[in-house]
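Engineer: Below you will find the structure I want to go over with you.
All of the numbers you see were taken from the coordinates with simple rules; none came from a lab. This is a predicted model, so every value here is computed, not measured. When we count neighbours, we look across all protein chains shown, and the Cβ atoms used for this are built from the backbone with ideal geometry, even at glycine.
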Amino acid sequence: MSKLAIHGGTPVYTGTFPSWPYWNDEEKQNLLRALSAGQWGTLGAEALSFAGEFAAYIGTRHAVCVNTGTQALEMMLRGCGIGYGDDVITTPYTFSATVSSIAWCGAMPVMADIDPDTGNIDPGSLEGCITPATKAILLVHVAGRPCDMDAIGEFAKKKGILVLEDSAHAHGSQWKGVRCGHLGDASAFSFQGSKAITGGEGGCVTT
């Protein structure tokens with residue numbers, strides 16, 4: 001290509017790009033049904049039905065829907081007993097909610113290193129993050145690529161700490177045939193507008 005399209009050259013692609021999120025008439029009717037139900041400010045039948053289906057899809061016994069992925073992270077941490085005086089190992093390469101949810105629980109985030117090839121937590125850096133107050137590892141499956149769950153799980157078991165997943169990017173991703181969200185002790189998902197499964201906003205905790 002001798003000349004870029006922006007400078008008058010021939011475009012490589014002349015079609016239209018798809019919009020996101022994608023939706024069809026069936027989803028439109030489902031949304032209208034939920035709106036017509038008139039259940040505002042309560043957990044209605046649609047959310048409960050979805051939670052059951054999502055748990056079955058991930059492979060967990062439970063799924064609880066909440067308003068955002070950020071809230072899902074905080075609820076997961078609090079539900080696992082994380083609080084004041086605790087340390088939680090996590091990654092610096094993530095959305096701010098991963099780290100802020102730890103702080104909102106009163107705990108201290110401790111940053112592991114990242115693998116430059118995957119963007120995920122480098123299991124080899126975990127030992128240097130351990131303190132007497134370490135209670136959990138909160139990992140992130142960056143861009144839907146699963147972390148090295150064998151190495152992380154083995155390390156956590158040896159140290160007697162929890163493995164918690166930030167699966168905001170990882171709807172449907174698998175590690176050796178097991179879906180993200182069912183690889184640790186608990187997981188938080190996001191249904192924000194840019195995610196693989198979106199409700200405009202929303203979140204879910206699976207365990």
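Engineer: Note down all Cβ pairs under 6 Å where the first residue falls in the stretch 113-125 and is of a type in the set (S, T, N, Q), the second is assigned to a helix (DSSP H, G or I) and buried (at least 16 other Cβ atoms within 10 Å of the Cβ), and they're at least six residues apart or on different chains.
Structural biologist: So the pair list comes out as ASN120/VAL142.
Engineer: Within the stretch 22-31, is there a residue that is loosely packed, with under 10 Cβ neighbours inside 10 Å, farther than 22 Å from ILE102 by Cβ and in contact with a helix residue (DSSP H, G or I) (Cβ under 9 Å, 6 or more places away or on another chain)?
Structural biologist: Checking the stretch 22-31: not a single residue is loosely packed, with under 10 Cβ neighbours inside 10 Å, farther than 22 Å from ILE102 by Cβ and in contact with a helix residue (DSSP H, G or I) (Cβ under 9 Å, 6 or more places away or on another chain).
Engineer: Answer with yes or no whether SER96 is under 30 Å from ALA133 (Cβ atoms), free of Cβ contacts under 8 Å to residues at least 60 places away in the same chain, under 18 Å from the mean Cα position of the chain (by Cα) and surrounded by 11 or more Cβ atoms within 10 Å (Cβ to Cβ).
Structural biologist: Against the criterion (under 30 Å from ALA133 (Cβ atoms), free of Cβ contacts under 8 Å to residues at least 60 places away in the same chain, under 18 Å from the mean Cα position of the chain (by Cα) and surrounded by 11 or more Cβ atoms within 10 Å (Cβ to Cβ)), SER96 does not qualify.
Engineer: Just the residues that are part of a loop (DSSP other than H, G, I, E, B) and surrounded by 20 or more Cβ atoms within 10 Å (Cβ to Cβ), please, taken from the stretch 140-154. Before you say what the answer is, go through the steps one by one.
Structural biologist: Of the residues in the stretch 140-154, the ones part of a loop (DSSP other than H, G, I, E, B) are 141, 145-148.
Passing the criteria: HIS141, PRO146, CYS147.
Engineer: Within the stretch 107-115, does at least one residue satisfy the condition of being β-branched (Val, Ile, Thr) and surrounded by 15 or more Cβ atoms within 10 Å (Cβ to Cβ)?
Structural biologist: Residues of the stretch 107-115 β-branched (Val, Ile, Thr): 110, 114.
Imposing the further condition that a residue be surrounded by 15 or more Cβ atoms within 10 Å (Cβ to Cβ) reduces the set to 110, 114.
Within the stretch 107-115, one or more residues are β-branched (Val, Ile, Thr) and surrounded by 15 or more Cβ atoms within 10 Å (Cβ to Cβ).
Engineer: Provide a single number: the residues in the stretch 1-19 that are surrounded by fewer than 10 Cβ atoms within 10 Å (Cβ to Cβ) and either touching a residue at least 40 places away in the same chain (Cβ under 8 Å) or of a type in the set (S, T, N, Q) (or both).
Structural biologist: The number of residues fulfilling the criteria is 4.
Engineer: Would you please list the contacts, defined by Cβ atoms under 6 Å and residues six or more apart or on different chains, that run from a residue in the stretch 151-174 that is farther than 14 Å from ALA112 by Cβ to a residue that is surrounded by 19 or more Cβ atoms within 10 Å (Cβ to Cβ) and among the polar types (S, T, N, Q)?
Structural biologist: Matching pairs, first to second residue: GLU165/SER187; SER167/SER187; ALA168/SER190.
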